[in-house]
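All remarks here apply to the structure that follows.
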Amino acid sequence: MGGGTGDDAKTLAELRRRYPMVSDLEKRAKWRIPRFAYEFLQGGAGDETGLNRNRSALKAVEVVPRYGIDVTKVDTSVELFGYHYAAPIGISPIGLDGMMWPGATERFAKAAQAHNIPYMVGTLACSTIEQVVEWASDVTWFQLYPMAPDNHRYSFEMAERARVAGAKVLVATLDVPVRAKRPRDLRNGLVMPFRLTPKTMMRAAMAPLWLDAVRRNGMPTFANMSKFAGGTDHGSTAGFVQKHIGGGFPWSEIARLRDRWPGPMMVKGVMHPADAEKALKLGLNGVVVSNHGGRQFDAAPATIDVLPEIARTVGTRGTVLFDSGVVSGVDMLRALACGAQSCFAGRAFMLGLSALGDRGATHMAQAFIEEYRIALGQNGLLSSDEARRAPVRHPGAWTADNFKLRS
């Protein structure tokens, strides 16, 4: 299953039969892409207890099924900011997506548009926001990374580019105030600016399907940064990223962005109810509860464990989305039962591309929607609204007292 683009129902059905679980994709991806790319995708901060905590906590959430209900007409759709999506799942932003699978940004955008799910394309994607909106005009959201130097000049320029291009929602990322220490990347020499060493070139040579994707799509680069960096080559854009990306978004800058962005706006990386409250007071439309997939701070709680109290705090005043650790339709149901209105997944979609080539994004979009439909039906639920009222046992959930400062 290489990198062809001619998706057809028979082929995709065969892929779902052969690779029914994300764990099946992990095994295949490990030998199809270079080791440095695979470990960048699968790695987390520190000793990766935070990354593993996300999955363990999600698995611990139980939803009680109800039977004797006619589930022949299950509606998987969800409404977000006045737009109806096919299911409460979207594609998370993934930096350096083209390093893990060349051409990834385009594949994600086209799969999202075809299946009517949101694509939150990242600042550090390997295609520009303008290109992404051309491919996915109805479903493109934009994740903005902070670029603190020069009074966030480039942050505001990038947000304006997203507005002019036609992005539907702006999502400012809060949880990158400093660069995280990711041991797998350090061992593999994935530092900025990235340099091709004999070791990395040898590993790339052992992944012929990945090299063929490079041939067809070109070497990955930070496409959105080329206009700022004054060049399209990897060295100039990587140098710009090294110098300008980071510094975090203080609430004062979030307020300035809110004043300039006319449409729906959220912040991503919220882990505390007080931060959700702050976002609402600044006029934002909601929050994305996320710990960056365990890639930033190893001691952070599992995202699912802080979700219920944040959802309770927000109530009906805003939209609460969930990210970090979602790999199945059952996880989608778990998140909605714990208070989210929709979910995003990053690793699972990227594993689809890494394992299956260009068909992988479509494979994962179909798998999530199909599994979610099964999860609703199995629980006697007819809609996503009903899923949010499903009886749930959540042993790891934080309470309001857990969030109080210690005296």
Given 0.36 nm per residue, what is the gain on full extension from Asp8 to Trp31 after removing their alpha carbon distance, in nm?
-> 5.8 nm
Take the alpha carbon gyration tensor of the stretch 217-327, find the square roots of its eigenvalues, order them as a ≥ b ≥ c, and report rounded if a/c is under 1.5; if not, report prolate when a/b exceeds b/c, else oblate.
-> prolate
Classify the stretch 72-143 as rounded, prolate or oblate, taking a ≥ b ≥ c as the square roots of the eigenvalues of its Cα gyration tensor: rounded when a/c is under 1.5, otherwise prolate if a/b is larger than b/c and oblate if not.
-> prolate
Amide H proximity to Leu144 below 5 Å, modelled H, separation 5+ or other chain, gives Val171, Ala172, Thr173
Hey, in the GNM for the chain with a 10 angstrom Cα cutoff, which one of Gly329, Gly263, Gly103 fluctuates hardest?
-> Gly263
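Report the longest stretch of the chain that contains none of the trypsin sites (Lys or Arg not before Pro) sitting in a DSSP loop with at most 15 other Cβ atoms within 10 Å. Present the calculation step by step, with values, prior to reporting the outcome.
Numbers: sites that count: Arg66, Lys73, Arg179, Lys181, Arg195, Arg317, Arg389, Lys404, Arg406.
Longest run free of exposed loop sites: 196-316.
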When all Cα-Cα pair distances of the stretch 66-201 are considered, the percent exceeding 19 Å is 60
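Count neighbours as other Cβ atoms within 10 Å of each site's Cβ, and list the chymotrypsin sites (Phe, Trp or Tyr not before Pro) in the stretch 1-78 that are DSSP loop with at most 10 such neighbours.
Listed in order of number, the matching sites are Tyr67.
With Cβ to Cβ distances under 11 Å as the rule, what net charge do the other residues near Asp175 carry (K, R +1; D, E -1)? Intermediate values should be presented prior to the final figure.
Values: positive: Lys268, Arg295; negative: Asp275, Asp323.
Around Asp175, the surrounding residues sum to 0.
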Enumerate the calculated ³J(HN,Hα) couplings along the stretch 24-33 in order (Karplus 6.51 cos²θ - 1.76 cosθ + 1.60, θ = phi - 60°), each rounded to whole Hz, writing x wherever the residue is Gly or Pro.
-> 5, 5, 4, 4, 6, 4, 4, 9, 8, 10
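Over the stretch 22-402, what is the mean sequence separation of C-alpha contacts under 8 Å (at least six apart), divided by residue count, expressed as relative contact order in percent?
Working: 804 pairs, mean separation 102.7, N = 381.
For the stretch 22-402, the relative contact order is 27 percent.
Neighbour counts of other C-beta atoms within 10 Å: give me Asp24, Asp175, Asp8 arranged from fewest to most. Before the final figure, lay out the partial values.
Numbers: Asp24 14, Asp175 20, Asp8 9.
Taking fewest neighbouring Cβ atoms as first place, the list is Asp8, Asp24, Asp175.
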Show the residues, 5+ positions off or on another chain, whose built amide H is closer than 5 Å to the amide H of Gly90.
-> Cys343, Phe344, Ala345
Restricting things to alpha carbons, find the Rg to Rh ratio for the stretch 27-100 using the Kirkwood radius for Rh.
-> 1.10
Hey, what do the phi angles of the stretch 132-139 turn into as Karplus ³J(HN,Hα) couplings, whole Hz, using 6.51/-1.76/1.60 and θ = phi - 60°, x for Gly and Pro?
-> 4, 5, 4, 7, 9, 5, 8, 10
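Roughly what % antiparallel, to the nearest 5, for the DSSP beta bridges in the chain? Could you put the intermediate results ahead of the total?
On the way: 5 of 32 bridges.
Here the share of antiparallel DSSP bridges comes out near 15 percent.
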Output ³J(HN,Hα) for the stretch 275-292: one whole-Hz value per residue in order, computed from phi by the Karplus curve 6.51 cos²θ - 1.76 cosθ + 1.60 with θ = phi - 60°, and x for Gly and Pro.
-> 6, 5, 4, 4, 4, 5, 5, 7, x, 6, 8, x, 9, 10, 6, 7, 10, 6
Simple spin-label estimate for Arg215 and Lys73 in nanometres, 7 Å along Cα-Cβ = 5.3
Dipole of the chain (Lys/Arg Cβ +1, Asp/Glu Cβ -1, origin at the Cα centre): which of Phe40, Ala367, Thr200 lies farthest to the positive side?
-> Thr200
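Rg/Rh for the chain: what does it come to with C-alpha atoms and Rh from Kirkwood?
Numbers: Rg = 20.2 Å, Rh = 21.3 Å.
Computed over Cα atoms, the ratio is 0.94.
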Residue (of Cys343, Ala109, Ala29) at the positive-pole extreme of the chain, dipole from beta-carbon charges | Ala29
Could you give the nm distance between label points at Leu186 and Ala274, where each point is 7 Å from its Cα heading toward the beta carbon?
-> 3.1
For a label point 7 angstrom out from the Cα of Asp401 toward its Cβ, which stretches of the stretch 261-300 have the backbone nitrogen within less than 19 Å?
-> 273-274
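Step through the table entries Lys30/Lys268; Lys278/Lys404; Lys181/Lys243; Lys27/Lys181; Lys30/Lys199, compare each Cα-Cα distance with 19 Å, and write down the pairs that go over it. Could the numbers behind the result be given before it?
Values: Lys30/Lys268 29 Å; Lys278/Lys404 16 Å; Lys181/Lys243 17 Å; Lys27/Lys181 26 Å; Lys30/Lys199 17 Å.
As for pairs spanning more than 19 Å Cα to Cα, those are Lys30/Lys268; Lys27/Lys181.
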For the chain, what does -39500 (n - 2.57) per DSSP helix run (n ≥ 4), summed and divided by total residues, give at 222 nm, in deg cm²/dmol to the nearest 500?
-> -13500 deg cm²/dmol
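Using a Förster radius of 41 Å, what is the FRET efficiency between Val164 and Arg393 based on their Cβ-Cβ separation? Nearest 0.05, please.
Working: r = 47 Å, r/R0 = 1.15.
Once the sixth-power term is evaluated, E becomes 0.30.
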Choice from Thr303, Thr11, Thr237 with maximal GNM fluctuation in the chain (Cα, 10 Å cutoff) = Thr11
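Any read-out appearing in this document is the output of simple, stated calculations on the displayed coordinates, not a laboratory observation. Being a predicted model, the structure only gives us computed values, none of them experimental. In this analysis, Cβ positions are derived from the backbone assuming ideal geometry, glycine residues included, and neighbour counts consider all displayed protein chains.
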